[in-house]
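Below: the structure, in structure tokens.
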Amino acid sequence: MAENNPFPGENNTGHFWDDNLRELKNPPPRWWMIAFWASVAWWVLYSILYPTWPALPGKSDGENDFTRGILGWTSIKEYKQGVEQVQLVRAKYDEQIASMTAEEVLADPGLLQYTLASSKVLFGDYCAACHGSGGQGNPGYPVLADDDWLYGGSLSRITESITNGRKGLMNAHATILTEPEVDALANFVVEMSEGGQGSAEAWQLYNDKGCVACHGAKGDGVLAELPGGEILTVGAANLTDGIWRFQPGGYESAKHTILYGVNQPDVEGTRDAVMPAFAQVGQLEGKLSPQQIKMLTVYVHQLGGGQ
Amino acid sequence: MSETVSAAERGGQAGSMDEIYAEAEQWHVNTGNETIHAKRIPGRWRRIKWIAASVWVIFFLGPYLRWDGGQAVLFDIPNRQYHLFGVTVLPQDFWMLSLLLLFFAILLAVATALAGRVYCGYFCFQTVWTDIFTLIEEKLEGHPAQRRRLDAAPLSAAKLRTKAIKHLSWIAIGFATGFSFVAWFYGAGKLWQDFFVGNANAAVYASVALFTVGTYVLAGWLREQTCFWLCPYARIQGVMLDRTTVVPTYDEGRGEPRGRMKKDETEDNRVTGDCVDCNQCVAVCPTGVDIRKGQQEGCIMCGLCIDACDAVMDKVGRPRGLIRYASLDEMEGRHAPAMLARPRVWVYSAILVIALAGIFYGLSSLAPIDLKVLHERAPLFVQLSDGSIQNKYTVKLLNKANDDLKVRISVRADVPITVVGADKPIQAKHGDVTPGIVFVKIHRKDLVGDSVPLTFVASATLPNGTEIEAPRESAFFGPRQ
């Protein structure tokens, strides 16, 4: 090529196109070369400090090995450090909460904020599947954001519910009551839910057939009011408000509950209303510690603004 | 190349390419192979340059200005608040920053459209710091010829000493630059306490180190190369000039043909133009360009060549202004419209005024508290046992005042409502967002339609007794009717 060079003596590379277009041997600017070698140095330094070369032979199990870098950095280590740091921040709140009752946590604005924020995850993991992400309930599963607490809405009652679970019982009345009686009672329930008072005959039937034993003398599910504002219940529905325990509510729905009961073994069509116990027994995986239950109690209590 | 082109044409094209290559030999592009040692001379534009550059004194002294017992201007990034003369600006107010950036961007455009790269020539830190660096160089090493001699001289103890003092001074200025910069963000007093005993954080040391090295390299070594090859503004501003822009220009009609003064020449018999070809305009140029070749990218429009040329014209008894601030239109004898008759000026000014008005409105209407209301979505509403409907709201109170405040939340609506959770005031920490939860209940019979508009109002009493209020619109949702 050099012998055909039309521009001999010029500092060209001997590559030329279209007669006279040729590549010259001009060096790049010095700053560019400095940057270039600095990048190379950076890369060498990086490969010494950090894991870099993959696909090396050498692991006993036949897997490929890689260079680890003298800093010993790994992404999982970095992640774990991050988690530790978060735990460190949370620890001081968690310790405080551990030494306090749920009532005390509720009264402390700062801790309450912390509890509400951090329990949102717990609620999502353990409660939201049935009760909805915001406690809005699901068909057959109670709303937690309202003020209708069949087992009591105080902190201690909520703790009880989470710890031991709840399982309400109601007899199936298909074989106990006559059809007109079921019809009368279902109508009575609907009337009450719409704010009515109920006729004397209906109340008579309600008392005679034993409804009163669980649903209370006033039909509001309260068996007795204890000193200190607590109520005594067996979890029977409040028949005097507009909230239906089993959806969709109304005459047919009420009749179905009366006929087939709640949680009756061997009764087809019975209402299913079981909340499992969430307390940790021993080291059982997947259950809640007392601390978690305490925090969830506060969270659930605040969903509807407390009682 | 197509087959139909004849060999002669090919030869002709090759010839024109050779001409272009020959021309390329003549091109002088400053790629930093030689250091520009510009001559310093006094003059009008030199004086203006110093006055403009003195703006940067604020950069060094500003952090020591006090206001209400704190630093007057402090950009407190870790705590996410800016303090500007007693006004606290939080991230929520950052729309003002965009207006501020708009203002300065347009200011740059206006200045460039009217008078060329005034920013480059008079204000830019690269220009100003390089000017100071070369001033130090001149004081230590002498005038440009002496400096070139020193550079070429073999290494000696004296040369080493001079050079060492120069570089140390440069590094010292670089350090002062970095230190002052960080003081705006870290607090000047705290910085002096922490920095020298190793108590400041890594970001502080890294910033100061970066600025020290950056200043030293950019103003000490790269100098005009920064303007030539690094700076995007130099390129942007280059395209913002037009024919009416007033820039330092060599009056070719008056100056050419240039020629040196001859002994026996008088004003009557001279055949040359006014330019005496003394090259003083090139000698004083900080970027080493020859203004007589016309407007070019290397020119930062600092006007120093005007000073040089005027001084020479005075000396040889010819009128000043051979190099002067003039537009291309003026030089070519066209009609140059008055500044106020150019639509560009009006459009630019209007944007400037809008941006400024926005900033002033923002700063003057910064409410000490700001209320946000988030409506709970799951569930949107809840039916209560007494037949009323309840909605849940998370209120977020931003307290921009300098003290913690007890903030009361109230809710206004056209229908009877019950508010739960707002009976106790919220203790809002200053410079922070405090959340709270409020429930609103409306009885089913009072609900008209699916939703009812609500107005949440946060009110508080400042320590000086002033009552403040921050309203926020929201809505109440009920079941579809």
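What to note about this one:
- Within segment B:425-448, residues that are within 23 Å of A:Asp241 (Cβ to Cβ) and within 11 Å of chain A (Cβ to nearest Cβ) have Cβ atoms under 7 Å from residues that are part of a strand (DSSP E or B) and of a type in the set (Gly, Ala, Ser) in these pairs: B:Lys441/B:Ser388; B:Arg444/B:Ser388, counting only partners at least 6 apart in sequence or on another chain.
- Looking across segment A:7-27, the residues that are touching a strand residue (DSSP E or B) at 6+ places or on another chain (Cβ under 7 Å) and either among the polar types (S, T, N, Q) or part of a strand (DSSP E or B) (or both) come down to A:Asn11, A:Asn12, A:Thr13, A:His15, A:Phe16, A:Arg22, A:Glu23, A:Leu24.
- Selected residue (criterion: nearest to B:Ala413 (Cα to Cα)) from residues of segment B:431-481 that are exposed (fewer than 13 other Cβ atoms within 10 Å of the Cβ) and touching a Pro at 6+ places or on another chain (Cβ under 9 Å): B:Glu473
- The residues in segment A:8-27 that are within 13 Å of chain B (Cβ to nearest Cβ) and farther than 18 Å from B:Ile20 by Cα can be counted, and the count is 1.
- Summed over segment A:235-281, the residues that are within 23 Å of the chain's Cα centre (by Cα) and either assigned to a loop (DSSP other than H, G, I, E, B) or at pLDDT below 90 (or both) give a count of 9.
- Residue count for segment B:312-337, restricted to those that are of a type in the set (Gly, Ala, Ser), out of contact with any Lys or Arg (no Cβ under 9 Å at 6 or more places or on another chain) and surrounded by 17 or more Cβ atoms within 10 Å (Cβ to Cβ): 1
- Top-ranked residue of segment A:155-180 - restricted to ones that are more than 33 Å from the chain's Cα centre (by Cα) and surrounded by 14 or more Cβ atoms within 10 Å (Cβ to Cβ), ranked as nearest to A:Val105 (Cα to Cα): A:Asn171
- Among the residues of segment B:138-157, those that are without any contact (Cβ under 8 Å) to a residue 40 or more places away in the chain and basic (Lys, Arg) comprise B:Lys139, B:Arg149.
- Taking segment B:42-137 as the region of interest, the helices (runs of 4 or more DSSP H) fully inside it that hold 2 or more residues being within 30 Å of B:Gln296 (Cα to Cα), more than 14 Å from the chain's Cα centre (by Cα) and modelled with pLDDT of 85 or more are B:44-53, B:95-115.
- Against the numbered list (1) more than 14 Å from every other protein chain (Cβ to nearest Cβ); (2) part of a helix (DSSP H, G or I), A:Ala174 comes up short only at (2).
- If the condition is being part of a loop (DSSP other than H, G, I, E, B) and either basic (Lys, Arg) or not assigned by TED's automatic domain parsing to the domain that holds B:Gly32 (or both), then segment B:252-292 contributes B:Arg258, B:Arg260, B:Lys262, B:Lys263, B:Arg270.
- Scanning segment B:431-481 for residues that are of a type in the set (Gly, Ala, Ser), farther than 15 Å from B:Lys372 by Cβ and under 45 Å from the mean Cα position of the chain (by Cα) turns up B:Gly431, B:Ser459, B:Ala460, B:Gly465.
- Listed conditions (1) out of contact with any strand residue (DSSP E or B) (no Cβ under 6 Å at 6 or more places or on another chain); (2) closer than 30 Å to A:Leu122 by Cα; (3) touching a residue at least 60 places away in the same chain (Cβ under 8 Å); (4) of a type in the set (D, E, K, R) are all met by A:Arg271, apart from (1).
Per-residue answers, yes or no, for (1) hydrophobic (A, V, I, L, M, F, W, C); (2) touching a residue at least 60 places away in the same chain (Cβ under 8 Å):
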site	(1), (2)
B:Tyr119	no, yes
B:Ile132	yes, yes
B:Ile136	yes, no
B:Lys159	no, no
B:Ala164	yes, no
B:His167	no, no
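Okay, residues lined up against (1) within 14 Å of another protein chain (Cβ to nearest Cβ); (2) among the basic types (Lys, Arg); (3) in contact with a Phe, Trp or Tyr (Cβ under 9 Å, 6 or more places away or on another chain):
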position: A:Glu230; (1), (2), (3): no, no, no
position: A:Trp244; (1), (2), (3): yes, no, no
position: A:Thr257; (1), (2), (3): no, no, yes
position: A:Pro265; (1), (2), (3): no, no, no
position: A:Ala277; (1), (2), (3): no, no, no
position: A:Tyr299; (1), (2), (3): yes, no, yes
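- Unique residue being away from chain B (no Cβ under 11 Å) and either surrounded by fewer than 19 Cβ atoms within 10 Å (Cβ to Cβ) or in contact with a Cys (Cβ under 9 Å, 6 or more places away or on another chain) (or both) when the list is A:Gly152, A:Gly140: A:Gly140
- Helices (runs of 4 or more DSSP H) lying entirely in segment A:75-157 (those with 1 or more residues that are more than 30 Å from A:Trp244 (Cβ to Cβ)): A:75-98, A:102-107, A:109-126
- So B:Cys302, is it of a type outside the set (S, T, N, Q), surrounded by 21 or more Cβ atoms within 10 Å (Cβ to Cβ), farther than 23 Å from B:Ala105 by Cα and in the same structural domain as B:Leu114 (by TED's automatic domain parsing): no
- Identity of the residue in segment B:258-289, of a type in the set (Val, Ile, Thr) and modelled with pLDDT under 85, that ends up nearest to B:Cys120 (Cα to Cα): B:Val271
- For segment B:85-117, residues that are without any contact (Cβ under 8 Å) to a residue 12 or more places away in the chain and over 30 Å from B:Trp45 (Cβ atoms) total 4.
- Residue identified as buried (at least 20 other Cβ atoms within 10 Å of the Cβ), more than 12 Å from chain A (Cβ to nearest Cβ) and within 21 Å of B:Val457 (Cα to Cα) among B:Leu374, B:Leu398, B:Leu366: B:Leu398
- Candidate set from segment A:28-55 (those that are part of a helix (DSSP H, G or I) and small (Gly, Ala, Ser)); member that is farthest from the other protein chains (Cβ to nearest Cβ): A:Ser47
- Of the residues in segment B:219-234, none is surrounded by 13 or more Cβ atoms within 10 Å (Cβ to Cβ), free of Cβ contacts under 8 Å to residues at least 60 places away in the same chain and either more than 14 Å from chain A (Cβ to nearest Cβ) or more than 18 Å from B:Cys124 (Cα to Cα) (or both).
- For segment A:209-231, the condition of being within 30 Å of A:Lys294 (Cβ to Cβ) and touching a Pro at 6+ places or on another chain (Cβ under 7 Å) holds for none of the residues.
- Screening segment B:192-212 for residues that are β-branched (Val, Ile, Thr) and farther than 17 Å from B:Thr127 by Cα and picking the one that is surrounded by the most Cβ atoms within 10 Å (Cβ to Cβ) gives B:Val208.
- The set of residues from segment A:181-216 being of a type outside the set (S, T, N, Q), surrounded by 15 or more Cβ atoms within 10 Å (Cβ to Cβ) and within 36 Å of the chain's Cα centre (by Cα) comprises A:Val189, A:Val190, A:Met192, A:Cys214, A:His215, A:Gly216.
- The lone criterion from (1) assigned to a strand (DSSP E or B); (2) away from chain A (no Cβ under 13 Å) left unmet by B:Val415 is number (1).
The values are calculated or read from the model by the stated rules, or taken from the named source; none is laboratory data. All figures in this text were calculated on a predicted structure; none of them were measured in a lab. Don't worry about glycine lacking a Cβ; one is built from the backbone with ideal geometry, like all the others, and counts go over all protein chains shown.
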